[in-house]
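The values are calculated or read from the model by the stated rules, or taken from the named source; none is laboratory data. Because the structure is a prediction, the values reported are computed rather than measured. With ideal geometry, Cβ positions are generated from the backbone for all residues, glycine too; neighbour counts draw on all protein chains shown.
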Amino acid sequence: MLDKEFLLSTIRDVPDFPKPGIVFKDITTLLNNPKAFDMLMEHLQKRYENKNIEFVAGIESRGFIFGAALATRLGAGFVPVRKKGKLPYTTVSEKYSLEYGFDEIEIHIDAFGNKKGSNVLLIDDLIATGGTAEAAAKLIQKVNENVVEACFIINLKFLNGEDRIKKYTDVYSVLEIE
């Protein structure tokens with residue numbers, strides 16, 4: 001059984017990071033707690049083991065940690081979703097807006113092999129405003145793959161980021177902060 005209070009207790013709040021007024025949710029303290037990390041990964045494995053997930057796509061950079069670990073447990077491939085210019089081969093990209101300006105994420109053009117319509121789970125550590133996750137879901141759909149669900153360890157509900165992603169796929173959050 002998932003003990004959400006225990007998991008929340010292993011996540012450190014860092015006030016005024018990266019700028020004043022922000023309370024950063026630091027998951028490194030969950031990662032270095034083997035009981036918490038195993039409990040979380042076991043929960044995610046049980047949730048997705050019968051959903052025919054062929055690939056887990058993790059959003060840079062903390063999504064890599066959860067995504068790679070979960071992909072191994074599910075017998076699925078792992079696909080990194082990276083910021084522009086970080087992947088060494090031919091890529092497909094998706095731009096998204098920020099508070100001031102734009103950013104861009106990429107995947108390799110052959111990230112999901114040659115088969116189209118693969119079942120992909122999108123994962124990241126946290127959803128705030130949802131811009132990056134929305135762009136990642138659009139990017140996966142752009143290469144004709146099926147985003148089964150977008151999964152987040154923490155959802156900052158008060159920022160309503162999940163509303164942006166629900167246009168593209170279902171959303172699941174392990175922990176929700178109102």
Does Lys51 meet the test of being over 17 Å from Val148 (Cα atoms), of a type in the set (D, E, K, R) and either within 18 Å of the chain's Cα centre (by Cα) or surrounded by 15 or more Cβ atoms within 10 Å (Cβ to Cβ) (or both)?
no
Return the only residue of Ala111, Ala76, Ala135 being in contact with an Asp or Glu (Cβ under 6 Å, 6 or more places away or on another chain), among the small types (Gly, Ala, Ser) and farther than 26 Å from Ile177 by Cβ.
Ala76
Before we move on, is Lys142 surrounded by fewer than 17 Cβ atoms within 10 Å (Cβ to Cβ) and not β-branched (Val, Ile, Thr)?
yes
Please list, ordered by first then second residue, the pairs with beta carbon atoms under 6 Å, 6 or more apart or interchain, first in the stretch 95-121 and of a type in the set (D, E, K, R) and modelled with pLDDT under 95, second assigned to a loop (DSSP other than H, G, I, E, B) and surrounded by fewer than 21 Cβ atoms within 10 Å (Cβ to Cβ).
Lys116/Asn144
So the check is Cβ under 8 Å with 6+ separation or different chains; which pairs have a first residue in the stretch 139-156 that's closer than 15 Å to Glu94 by Cα and a second one that's of a type outside the set (D, E, K, R) and not in a strand (DSSP E or B)?
Gln141/Tyr168; Val143/Ile109; Val143/Ala111; Val143/Phe112; Asn144/Gly117; Glu145/Phe112; Glu145/Gly117; Glu145/Ser118
Boolean, Val143 is in contact with a Cys (Cβ under 9 Å, 6 or more places away or on another chain) and of a type in the set (A, V, I, L, M, F, W, C)
no
Condition first: part of a helix (DSSP H, G or I), β-branched (Val, Ile, Thr), on the phi < 0 side of the Ramachandran plot and surrounded by fewer than 17 Cβ atoms within 10 Å (Cβ to Cβ). Can you find one or more residues in the stretch 6-26 that meet it?
no
